[in-house]
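Some notes on the structure that comes next.
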Amino acid sequence: MYHYTESGLKNVWLTNGFKIKKIDGEQAVAISDADVLHQVIGRALAAKPYLTGLELRYLRKEIGLSQKRLADLLGSTEQTVSLWERRGRMPKGYDRLVRLLYLEQIDGNVKIQEIIHRLIELDSRENEKLIFSDTRSGWRQAA
């Protein structure tokens, strides 16, 4: 078995699908279909009861988000995401949302991120007036 620490995780082992070669006297490992392997690892992490800090970092990087960008999506701060990644666990609601964002991204459906972006835009308009009219067909929000 091969201990696949190159993933950034300490608990990933491969039974096959790799070749160890000597190049210039150094050992090098070639992984077959590494992109698919990373998706399989990500799905396994998303199915766990909770994410460790290293697993959070793995999923965040796999979907191409910086700590700042993930913090923006979660309504948190870059420092908080950094702390979660260094120290381990994050609050359960955030943990679930990160898994959801990961699964959505790898399945090619980005509706959840779009909804979150719309909510972030709405947050900036928190003091906007809400105006309603009573019409023949009932109450409606006025344009």
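Please treat every number below as a calculation from the coordinates, not as lab data. Here the structure is a predicted model, which is why all the values come from computation and not from measurement. Neighbour counts run over all protein chains shown; Cβ positions are idealised from the backbone, glycine included.
Structural remarks
- Total lysine pairs in region 2-126 at Cα distances under 19 Å, for residues eight or more apart or on different chains: 4.
- Taking GLN27, GLN113, GLN105 as the candidate residues, the one with maximal mean-square fluctuation in a Gaussian network model of the chain, Cα springs under 10 Å, is GLN27.
- Among the trypsin sites (Lys or Arg not before Pro) in region 1-94, those placed in a DSSP loop whose Cβ has at most 13 other Cβ atoms within 10 Å are LYS10, ARG89.
- Taking all pairs of distinct alpha-carbon atoms in region 2-126, Kirkwood radius in angstrom: 16.0
- Here the chain is treated with +1 on each Lys and Arg Cβ and -1 on each Asp and Glu Cβ, and its dipole about the Cα centre works out to around 360 debye.
- For TYR2, TYR102, the sequence from fewest to most other C-beta atoms within 10 Å is TYR2, TYR102.
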